[in-house]
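A.B. asks: Let me begin by handing over the structure; questions about it come next.
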Amino acid sequence: MFYLIGLGLGDAKDITVKGLDIVKKCDKVLLEAYTSILTVGKDALEEFYGRPLIIADRELCESNIDDILKEAKDKDVALLVVGDPLGATTHTDMLLRAKQFNVETQIVHNASIINAVSCCGLQLYNFGETISIPYWTETWQPDSFYDRIIQNFSRNLHTLCLLDIKVKEPTEESLTKKVRQYMDPKFMSVKEAASQLVQIIKTKPDTGFTIDSIAVGLSRVGAPDQTIAVKSLCAMQQCDLGPPLHSLVIPAPNLHPLELDYLAQFR
């Protein structure tokens, strides 16, 4: 069996009882370590689970997953995923590939930022399409995600913005070399995301969304030191919410009275 097990958003104890039982009995357990992170590291998870974990980086998950799936034909193999296992398309692809190899699969769901974002008081059924904001470089500054924010905004829907993370990303210089060199890990903050959005707004005015529009910054959702801040997008550029992971929400222009009341405590 190939298991996809969600770890939730906080620490080692956020795994479900069902997930923990599976982890303890599996022949091999891998920890996916590039689409998200927990507030604790691999050592803390190993101590709580009582067994060793194998780090599964992007290369393994996207290029070499077939070898793991073939192994799961004869053994019980689990891949641990921060949040919910199906929050990233990478894991959906794994399930499809497992089916091609006639490998049995089981999913153990858990909390994800997709539903835990409601901790800020914005109602889940008022959210539109979720978008991702990538890190810009000097030569690559995409802004297509902004159009989807405006589409949600024009329909009076909130937008959850997932912020870029870079874990074991090869440097541009090493892509043409035989030996790969990797960038230091980095995690986009709400300050950086807000700054990129402000720059886009300057080139795309008259959308109804401005630098004075309200934004909600969230950090370490589900952890004891979870932090939420409500400010104008312009002011969010100076808002330090501490260590990762961060998320940014662009609320709808017209909010329900309960949403307004709940947001007020974070201003």
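A.B. asks: So how strong a dipole does the chain carry about its Cα centre when Lys and Arg Cβ are +1 and Asp and Glu Cβ are -1, to the nearest 20 debye?
C.D. replies: Numbers: 27 positive and 35 negative charges, 23 e Å.
Roughly 120 debye, rounded to the nearest 20.
A.B. asks: With respect to the cross-link table entries K18/K75; K42/K186; K191/K231; K24/K186; K28/K166, which display a Cα-Cα separation exceeding 20 Å?
C.D. replies: Numbers: K18/K75 18 Å; K42/K186 18 Å; K191/K231 11 Å; K24/K186 32 Å; K28/K166 26 Å.
Where the Cα-Cα span goes over 20 Å, the pairs concerned are K24/K186; K28/K166.
A.B. asks: If we count chymotrypsin sites (Phe, Trp or Tyr not before Pro) as exposed when they sit in a DSSP loop and have at most 13 other beta carbons within 10 Å, what is the longest stretch of the chain that avoids them all?
C.D. replies: Details: sites that count: F101, W140.
In short, 141-267.
A.B. asks: Mind checking the per residue accessible area of the chain for me, 1.4 Å probe, whole number of Å²? Walk me through the numbers on the way to the answer.
C.D. replies: On the way: 13460 Å² over 267 residues.
Value for the chain: 50 Å² per residue.
A.B. asks: Which of rounded, prolate or oblate describes the stretch 116-267 when judged by the alpha-carbon gyration tensor and an a/c cut-off of 1.5? Walk me through the numbers on the way to the answer.
C.D. replies: On the way: a/c = 2.25, a/b = 1.55, b/c = 1.45.
In terms of gyration-tensor shape, prolate.
A.B. asks: With unit charges on the beta carbon (Lys/Arg positive, Asp/Glu negative), name the residue among S154, A72, P253 whose Cα is farthest towards the positive pole of the charge dipole of the chain.
C.D. replies: Value computed over the given set: A72.
A.B. asks: Then there's this: For the chain, modelled as a Gaussian network with Cα springs under 10 Å, which listed residue fluctuates most, E129, E192, E32?
C.D. replies: E129
A.B. asks: If R0 is 30 Å, what FRET efficiency do you get for D21 and K186 from their C-beta distance, rounded to 0.05?
C.D. replies: 0.25
A.B. asks: Taking the chain as a Gaussian network, where each spring joins two C-alpha atoms under 10 Å apart, which residue of V103, V216, V249 fluctuates the most?
C.D. replies: V103
A.B. asks: Sticking with this structure for a sec: What's the carbon and sulfur percent of the stretch 112-267's accessible surface, probe 1.4 angstrom, rounded to a whole number?
C.D. replies: Values: 4210 of 8140 Å².
With neighbouring chains kept in place, the figure for the stretch 112-267 is 52 percent.
A.B. asks: So for the pair K13, T139, with labels modelled 7 Å out along Cα→Cβ, what separation do we get in nm?
C.D. replies: 4.9
A.B. asks: Follow-up question, since we're still on this one. Taking only DSSP H segments of four or more residues, each worth -39500 (n - 2.57), what value at 222 nm results for the chain once the sum is divided by all its residues, to the nearest 500 deg cm²/dmol?
C.D. replies: Working: 10 runs with 83 residues, N = 267.
Per the formula, -8500 deg cm²/dmol.
A.B. asks: Which order, highest average first, do 193-201, 253-261, 220-228 follow once you tally other Cβ atoms within 10 Å for each residue and take the mean per peptide? All intermediate terms of the calculation are to be shown ahead of the outcome.
C.D. replies: Details: 193-201: 20.1, 253-261: 12.6, 220-228: 16.6.
Going from most to least packed, we get 193-201, 220-228, 253-261.
A.B. asks: Let me ask something else. Give the value in nm², to one decimal: projected area of the alpha carbon convex hull of the stretch 66-172, averaged over all directions. All intermediate terms of the calculation are to be shown ahead of the outcome.
C.D. replies: Details: hull surface 38.1 nm².
The Cα convex hull of the stretch 66-172, projected and averaged over all directions, gives 9.5 nm².
A.B. asks: Convert each backbone phi in the stretch 28-38 into a coupling constant with the Karplus relation 6.51 cos²θ - 1.76 cosθ + 1.60 (shift: θ = phi - 60°), then list the ³J(HN,Hα) values in order as whole Hz, x for Gly and Pro.
C.D. replies: Residue by residue, the stretch 28-38 yields 9, 10, 10, 10, 5, 10, 9, 8, 6, 9, 9 Hz.
A.B. asks: Tell me whether the stretch 122-165 comes out rounded, prolate or oblate; compute the Cα gyration tensor, take square roots of the eigenvalues as a ≥ b ≥ c, and use a/c under 1.5 as the rounded threshold. Before the final figure, lay out the partial values.
C.D. replies: Numbers: a/c = 4.75, a/b = 1.98, b/c = 2.40.
Oblate is the answer for the stretch 122-165, as a/c is 1.5 or above yet b/c matches or exceeds a/b.
A.B. asks: Would you mind checking the radius of gyration and Dmax of the chain based on alpha-carbon positions, in Å?
C.D. replies: Final numbers for Rg and Dmax: 19.8, 59 Å.
A.B. asks: Let me ask something additional. Provide the gained length on full extension for the span I114 to I55, in nm with one decimal, where the gain is 0.36 nm per separating residue minus the Cα-Cα distance. Write down the numbers at each step before the final one.
C.D. replies: Values: separation 59, 0.36 × 59 = 21.24 nm, distance 2.43 nm.
Stretched out fully, the I114 to I55 stretch lengthens by 18.8 nm.
A.B. asks: Given a Förster distance of 41 Å, report the FRET efficiency between L95 and I150 from their Cβ-Cβ distance, rounded to the nearest 0.05. Please report the intermediate quantities before stating the final value.
C.D. replies: Numbers: r = 33 Å, r/R0 = 0.81.
With a Förster radius of 41 Å, E is 0.80.
The values are calculated or read from the model by the stated rules, or taken from the named source; none is laboratory data. Worth saying up front: this structure is predicted, and the values here are computed from it rather than measured. Cβ sites come from the backbone with ideal geometry, for glycine too, and all protein chains shown count toward neighbours. Calculation scope for accessible area: heavy atoms of the full protein, side chains included, ligands and nucleic acids excluded. Shrake-Rupley method; radii C 1.70, N 1.55, O 1.52, S 1.80 Å.
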